[in-house]
Structure formats: structure tokens, C-alpha cells
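The values are calculated or read from the model by the stated rules, or taken from the named source; none is laboratory data. Since we're looking at a predicted model, the values are computed, not measured. Please note: Cβ atoms are built from the backbone with ideal geometry, for glycine as well, and neighbour counts cover all protein chains shown. Heads up: the accessible areas ignore ligands, DNA and RNA and are worked out on the full protein's heavy atoms, side chains in. Shrake-Rupley method; radii C 1.70, N 1.55, O 1.52, S 1.80 Å.
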Amino acid sequence: MRDGRLLFGSPEGLLVVDPRMLPPQREDAPVAVASLQVEGRARVVVDSLTLSARERSFALDVAALDFTAPRGTIRYRLDGLDDDWLTTQRSIHYSRVPPGQYVLRVANGSRELRLPVRVEPAWYQTWAFRALAALAAMALLYGAYRLRVRRLRARERALENLVAARTKQLETAYAQIEEASLTDPLTGLRNRRFLEQTIAADLELASRGHGDLVVLLADLDHFKSVNDTHGHAAGDAVLAELARLLVATFRASDYVVRWGGEEFLIVVRFVDRATAGGLAEKLRAAVAAHSFPLPDGTILRRTCSIGFSVWPQQGTSWDQTIDRADAALYAAKRGGRNAAVGAETLVA
């Protein structure tokens with residue numbers, strides 16, 4: 001109806017309900033404890049709760065003193081144990097409560113019930129016992145410490161000499177291991193790990209205008225035929241000989257790296273990029289003119305294919321520079337081998 005009344009039809013007639021005449025629901029009805037149990041045994045509800053040293057759990061049922069339909073849940077917390085409020089419809093349960101003084105707060109809206117709770121400590125949980133135990137432990141620790149110190153001092157002088165000798169041995173061994181981890185065992189050249197560890201400083205200098213880095217990626221042509229015809233020992237001999245040729249061809253300050261298999265990477269440091277083509281051709285000609293002796297006395301002639309690029313290049317990272325040299329190497333192979341191709345000459 002316009003005045004807010006509600007009409008309900010029924011077999012007995014028309015029922016008229018006026019909501020304004022309904023009593024308001026209480027939002028903050030008081031809360032009461034309906035029952036209390038300690039360690040599963042009923043206990044009379046009182047104004048406070050004390051648990052003995054053997055009693056560590058309790059449960060209680062609470063209710064809001066309002067006979068209308070409840071709007072929500074009841075909030076509760078045990079001050080001194082809970083960090084935040086919890087909710088329940090009726091039952092509250094706590095177990096393994098540590099010794100101490102607490103206050104159980106049960107709230108319904110603005111109405112709150114407070115129940116002091118005291119949990120008595122066992123004899124071994126009292127401060128006096130803990131203090132005595134701490135003092136005893138400290139005395140034992142101090143005695144053990146003094147005994148340990150005397151023993152350590154007796155061994156210290158002998159250990160100092162032994163540690164000094166072993167430290168020197170370890171330093172030598174570590175240097176040898178570190179050197180081995182940066183060196184290719186077959187050719188004696190540096191490996192990829194060495195280049196990854198050292199190239200950053202060169203990239204920084206080159207980016208500041210101290211000169212260009214020329215990257216040459218060389219691969220022996222038809223190397224598989226050496227292994228197939230003369231055996232793997234012959235192939236290893238050819239690779240070792242090529243390594244010696246590369247070291248002799250380039251400066252001591254340049255990086256000569258075994259890149260993998262029959263591939264070798266050379267970084268010519270801090271030169272004019274205009275010399276890149278000449279350096280690649282120099283390497284190609286040196287390999288083509290070189291004699292490769294095998295263990296059985298056979299002399300082989302080999303050629304190589306070379307791809308080269310330079311760094312820095314605008315918009316190109318160091319890894320991309322190596323990739324460009326690799327692409328140029330494959331272009332040299334596709335073009336008939338025994339050739340040097342620059343990455344800048346490739347069609348994008």
C-alpha cells in the first residue's frame with residue numbers, strides 16, 4: 001500500500017501487515033555464558049575462571065539474551081593469546097593454553113562480556129625454576145667453554161703451522177683448477193668460459209672509443225673427413241696444430257678461443273674496424289698454406305671458412321655480434337668454403 005502496509009491473500013481472507021507496528025530487533029543484546037567445561041568436565045559458571053597446572057583446555061557456550069532471530073555471529077577473543085577477534089554462533093573452545101593471566105572477551109554489538117582467566121604454571125614452568133635452570137645451564141656452558149679453550153690452545157700452535165702449509169697448497173691447487181676451467185684441454189687455448197668472464201671490460205673500453213673489437217669465427221672445412229679417413233687421433237692432431245697456427249697468426253693480446261668442435265673464435269682487440277676484412281683474409285690464407293702433420297707422418301692440407309663482424313654496432317649486443325659472425329660463417333660455407341664473409345655484407 002502507499003502507506004507501507006503489506007497485503008497477503010489467504011483462504012481465510014486478506015491479511016494486513018503494518019511493519020511499523022513490529023518491535024525493533026535488538027542489535028546489542030547482552031551476552032551470557034550458558035555452560036562451561038574444563039578438560040571435558042562441567043564446571044559452574046562464575047565471574048572468573050582458574051585452571052590448574054594440569055588443566056590446559058576449556059570450552060563454553062554463550063548466547064545473546066534476545067529471542068528474536070539473530071542477525072549475525074558473536075565475536076570473541078582471549079586477550080593475551082589471540083591477536084584478533086574470532087567469531088562463533090555459540091561455542092568457544094581453547095586448548096593447550098600457556099600459563100598466564102588472560103581475559104576472555106565476548107561481544108555482541110556494543111555489549112561485551114568479560115571473563116578473567118588464570119592458568120597456573122607447573123612447577124617447572126615457574127620463573128624461579130626457569131631462573132635456576134638458566135643459571136645451571138650457564139654454569140655448565142661456562143665450564144665446558146673453559147675446558148674447550150684449554151684444549152684449543154693446546155692445539156692452536158700445531159694447527160697454525162698446518163693451516164699455513166695447507167692454505168698455500170690450496171691456493172696453488174685453486175689457481176691450477178681455475179686455470180684449467182678456463183682452458184681447452186686439447187688445444188691449450190682459452191674456452192668460452194674465459195671469454196664470458198673477461199670480455200665485459202673490453203666491451204666497456206670499446207664503447208668509450210678506445211678501438212673496435214673484430215670477431216672472427218673460423219671453421220675447418222670438411223673436418224669430418226679427417227676423422228673418418230685417419231681416425232680421431234689424427235683429427236685431434238689437426239685441431240692442436242690449427243691452435244698453434246692461430247696463436248702464431250694473431251697478437252698475444254688478442255683472444256683465441258676454441259668455440260666448439262672444429263670452430264675457433266678470435267677477438268682482435270682495439271683495432272680499426274676497416275682492417276676486419278684483411279684480418280679474415282690473412283687467417284684464411286695462413287690456414288690454406290699450412291701443412292698439418294699427422295701422428296703417422298702424413299701431411300694434410302686444409303682450408304677454413306670464416307665469418308667476421310665488428311663491435312660496437314648500433315643497436316647490436318655482444319651476443320648478437322657473435323651470432324652475426326656465425327651467420328656470415330655459414331654464408332661462407334654455402335658459397336663454396338675456403339672463404340671469408342663479413343656480417344655487414346649479408347642481406348638482412
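Annotations
- The listed residue being hydroxyl-bearing (S, T, Y), over 22 Å from I322 (Cα atoms) and open to solvent by less than 60 Å² (accessible area, probe 1.4 Å), out of T167, T198, T183: T167
- Number of residues in segment 114-134 that are hydroxyl-bearing (S, T, Y) and surrounded by 14 or more Cβ atoms within 10 Å (Cβ to Cβ) equals 1.
- Contacts under 9 angstrom Cβ, first residue in segment 31-55 being under 22 Å from T73 (Cα atoms), partner open to solvent by 30 Å² or more (accessible area, probe 1.4 Å) and acidic (D, E), 6 or more apart: V31/E112; V33/D61; A34/D61; S35/D61; L36/D61; Q37/D61
- Candidates E156, E112, E120, filtered to the one that is at negative phi, free of Cβ contacts under 8 Å to residues at least 60 places away in the same chain and of a type in the set (D, E): E156
- Sole residue being among the small types (G, A, S) and within 13 Å of L300 (Cβ to Cβ), chosen from A248, A276, A288, A243: A288
- Residues in segment 204-222 that are closer than 20 Å to F264 by Cα and open to solvent by 20 Å² or more (accessible area, probe 1.4 Å): D212, H222.
Let's see how each residue does on (1) among the β-branched types (V, I, T); (2) touching a residue at least 12 places away in the same chain (Cβ under 8 Å); (3) farther than 26 Å from R244 by Cα:
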| position | (1), (2), (3) |
| --- | --- |
| F292 | no, yes, no |
| G297 | no, no, no |
| Q313 | no, no, yes |
| T321 | yes, yes, no |
| A339 | no, yes, no |
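- Residue match in segment 200-210 (condition: closer than 30 Å to R337 by Cα and in contact (Cβ under 8 Å) with a residue 60 or more places away in the chain): no
- Some residue of segment 163-184 being touching a helix residue (DSSP H, G or I) at 6+ places or on another chain (Cβ under 8 Å), assigned to a helix (DSSP H, G or I) and closer than 30 Å to E281 by Cβ: no
- Of the residues making up segment 182-228, those that are hydroxyl-bearing (S, T, Y) and within 13 Å of R258 (Cα to Cα) are T183, T187.
- When every residue of segment 127-140 is checked against the conditions, none turns out to be closer than 30 Å to V33 by Cα and modelled with pLDDT under 90.
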